[in-house]
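Novice: My structure is below; once you've seen it, I'll send some questions.
Every number in this text was worked out from the coordinates using simple rules, so none of it is lab data. Keep in mind that what you see is a predicted model, and the values were worked out from it rather than measured. Cβ placement follows ideal geometry from the backbone for every residue including glycine, while neighbour counts extend to all protein chains displayed.
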Amino acid sequence: GENVEQHPSTLSVQEGDSAVIKCTYSDSASNYFPWYKQELGKRPQLIIDIRSNVGEKKDQRIAVTLNKTAKHFSLHITETQPEDSAVYFCAASPSSNTGKLIFGQGTTLQVKP
Amino acid sequence: DSGVTQTPKHLITATGQRVTLRCSPRSGDLSVYWYQQSLDQGLQFLIQYYNGEERAKGNILERFSAQQFPDLHSELNLSSLELGDSALYFCASSVAVGSGYEQYFGPGTRLTVT
């Protein structure tokens, strides 16, 4: 079936440290992997995404890596800031015909000043 | 602001009732997705429409139904409501169908069933 596992469920880091969130997907046909950030009471917002033909993508302090063989992908945030505190969701798109997203359970990131 | 609008923002209703949630996609977007977010289930895909046609179905209960109208707005109908249906319901839109197109989320409708 279509499933995405996300770890850890909570993550607390000191300001300036790095944070890493890992996801594993089950459907080998998945070819698109977005990451969303959701602040309390707000909508999920796309922060970075990666397609299956790319192994790594970087955008300033955020990077995502993809290992298709192992079926896992990770989000890396460097030089964390208090405003990075939020819930982060990974997702996988298991079908190129629809675009529906299967989400992980979310990681609550707390960045302590 | 993503450009996706959802009404109402909040809805409180009793068990057994029926409600309709409305979503207007971003201008130019043809694809609409509905997701349910509850505390213990995360974000669950419910259903997708593309240009008026149902395109994909997820774990949507038989008590729930949806449609997309010619002007591309979409409605999610929830009937015979149960306490467990209390959740945040998000609508998202993308310009086309298929993976790789960014989905823009609306602000959500918070449904409370008492």
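Novice: Mind listing the phi-derived Karplus ³J(HN,Hα) values for the stretch B:70-86, rounded to whole Hz, using 6.51, -1.76 and 1.60 with θ = phi - 60°, and x for any glycine or proline?
Specialist: Per residue, the Karplus-derived 3J(HN,Hα) values read x, 7, 6, 6, 10, 10, 10, 9, 10, 10, 6, 4, 10, 4, x, 7, 4 Hz.
Novice: Same structure again: With charges only on Cβ, +1 for K and R and -1 for D and E, what is the dipole size of the protein assembly as shown about its Cα centre, in debye, rounded to 20? Don't jump to the answer; show the numbers that get you there.
Specialist: Numbers: 20 positive and 23 negative charges, 20 e Å.
Dipole about the Cα centre, nearest 20: 100 debye.
Novice: Per-residue Cβ counts within 10 Å, from other chains only, averaged over B:95-105: what number is that?
Specialist: Working: counts 0, 1, 5, 8, 18, 9, 3, 5, 9, 4, 7.
The per-residue average across the peptide is 6.
Novice: If R0 is 35 Å, what FRET efficiency do you get for B:LYS57 and A:THR108 from their C-beta distance, rounded to 0.05? Can you show the working numbers first?
Specialist: Values: r = 30 Å, r/R0 = 0.85.
With R0 = 35 Å, the Cβ-Cβ based efficiency is 0.70.
Novice: Can you list residues from other chains, or at least 5 along the same chain, whose modelled amide H is less than 5 Å from the amide H of A:ASP27?
Specialist: Here the answer is A:ASN3, since their amide H atoms fall under 5 Å of that of A:ASP27.
Novice: Additional query: Find how many whole Å separate the alpha carbon centroid of the stretch B:47-111 from the alpha carbon centroid of the stretch B:3-26.
Specialist: So the two Cα centres are separated by 11 Å.
Novice: Placing unit charges on C-beta atoms (Lys and Arg positive, Asp and Glu negative, everything else neutral), compute the dipole magnitude of the stretch B:1-113 about its Cα centre in debye, rounded to 20. Working shown, then result.
Specialist: Details: 8 positive and 11 negative charges, 33 e Å.
Charge dipole of the stretch B:1-113: 160 debye, to the nearest 20.
Novice: Next question. Over the stretch B:11-114, what is the mean sequence separation of C-alpha contacts under 8 Å (at least six apart), divided by residue count, expressed as relative contact order in percent?
Specialist: Relative contact order comes out at 36 percent.
Novice: Only four residue types carry charge here, +1 at the Cβ of Lys and Arg and -1 at the Cβ of Asp and Glu. Report the dipole size of chain A about the Cα centre in Debye, rounded to the nearest 20. Intermediate results must be reported in sequence, preceding the final value.
Specialist: Details: 12 positive and 12 negative charges, 53 e Å.
Charge dipole, chain A, about its Cα centre: 260 debye, nearest 20.
Novice: Here is a follow-up. Which lysines, on any chain, are close to A:LYS57 with Cα under 24 Å apart, when same-chain ones fewer than 8 places away are left out?
Specialist: A:LYS57 reaches A:LYS22, A:LYS37, A:LYS68, A:LYS71, A:LYS100.
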